[in-house]
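The structure under discussion appears below in the form of structure tokens.
Read-outs: derived from the displayed coordinates by stated rules, not from any lab. What you are looking at is a predicted structure, and each value in this text was computed from that prediction instead of being measured. Here the Cβ positions follow ideal geometry from the backbone for every residue, glycine too, while neighbour counts run over all protein chains shown.
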Amino acid sequence: MAIIRKKEMREMDDVTLEKKLGDLKSELYSELGFIAAGGKASNPGRIREIRKTIARILTLRRERAGKSGVAG
């Protein structure tokens, strides 16, 4: 299950979405750093869900930028 549903993401404003993106990235880096140090992931499926959610947020951000007329 997604960490944030797409419908919830679309209802968020840009500032909240950027904050959530930063939180997810730091959580992902923390998990990956723990694994790189020789640890074992407590929930490997969570890493996949974090990556997917980050991708969804980036896609939504690109869609919003396209609507405002700014090309990326």
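Okay, here's what the table says:
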quantity	calculated
Exceeding the 23 Å Cα-Cα cut-off - candidates Lys25/Lys67; Lys19/Lys40; Lys20/Lys52; Lys25/Lys52; Lys6/Lys40	Lys25/Lys67; Lys19/Lys40; Lys6/Lys40
Degrees between helix 14-36 axis and first principal axis of the chain (Cα, 0 to 90, nearest 10)	20
Principal-axis tilt of helix 44-67 within the chain, Cα atoms, nearest 10 degrees	20
Relative contact order (percent, whole number), the stretch 6-67, Cα cutoff 8 Å, 6+ residue spacing	43
Segment Val15-Ala41, length gained on full extension (0.36 nm per residue, minus Cα span)	6.3 nm
Surrounding net charge for Arg51, when Lys and Arg each add one and Asp and Glu each subtract one, Cβ distance under 12 Å	+2
Taking the C-alpha atoms of the chain, convex hull volume expressed per residue in Å³	84
